[in-house]
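Inspection log for the structure reproduced underneath, given as structure tokens.
The values are calculated or read from the model by the stated rules, or taken from the named source; none is laboratory data. None of these values were measured; they are calculated from a predicted model. With ideal geometry, Cβ positions are generated from the backbone for all residues, glycine too; neighbour counts draw on all protein chains shown. When the accessible area is computed, the model is the full protein with side chains, heavy atoms only, and any ligands, DNA or RNA have been set aside. Shrake-Rupley method; radii C 1.70, N 1.55, O 1.52, S 1.80 Å.
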Amino acid sequence: MEFLEIEWCTPLYQEALDLRHRVLREPLGLRLTAEELDGEYGDLHFGLRNGSEDLVAVLSAKPLTSSAVKLRQMAVDPENQNEGLGAKLLGEVESALEKKGYTQFQLNARETAIGFYKKAGYTAVGETFTEISLPHRKMVKPHDEA
């Protein structure tokens, strides 16, 4: 698997959007709006590509401050789920972001994904809330290596 940073508004970014739509939005009957996509200009986008050059997993990160970032829109192709690709991508993204100076990570996890993020060192904070019609929890992972 090849880890890569994806530049906004490129053919590879469009491929990432297609995967995100298919995995995250289409099952809920939702589409990303033009306004949402324009808001991703300053985000960092990452993916894993398999040997056949197809994106099989994607994840975006929205900088919040010079040291904090919000991870969002993780999607793994259904044909490649349960192969450890989500964990691999998350680890690669965290490492890449740490090299850029980010030390605090947060995300809004779908309730069904909380266990996955707990295994990766994230802690749920606050109450359950509804986002895109599904229950979510805010999760955080401060950089705790000293």
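Coupling constants for region 80-97 follow from the phi torsions by the Karplus curve (6.51 cos²θ - 1.76 cosθ + 1.60, θ = phi - 60°), and in residue order they are 10, 6, 6, 10, x, 5, x, 5, 4, 4, 4, x, 5, 5, 4, 4, 4, 5 Hz; glycine and proline get x.
In the chain, the calculated helix contribution to ellipticity at 222 nm averages -7000 deg cm²/dmol per residue, counting -39,500 (n - 2.57) for every DSSP H run with n ≥ 4.
Seen from a random direction on average, the alpha-carbon convex hull of region 22-111 projects onto 6.7 square nanometres.
Taking 38, 18, 54 in turn, the Gaussian network model of the chain (Cα-Cα springs below 10 Å) assigns the largest fluctuation to 38. A straight line joining the Cα centroids of region 1-71 and region 97-131 runs 17 Å. Please compute the net charge surrounding residue 85, taking Lys and Arg as +1 and Asp and Glu as -1 over other residues with Cβ under 13 Å from its Cβ. Surrounding charge for residue 85 is -4. With all protein chains kept in place, the per residue accessible area of the chain amounts to 56 square angstrom at a probe of 1.4 angstrom. Of the cross-linked pairs 70/100; 99/141; 62/118; 62/119; 88/141, those separated by over 18 Å at the C-alpha level are 62/118; 62/119.
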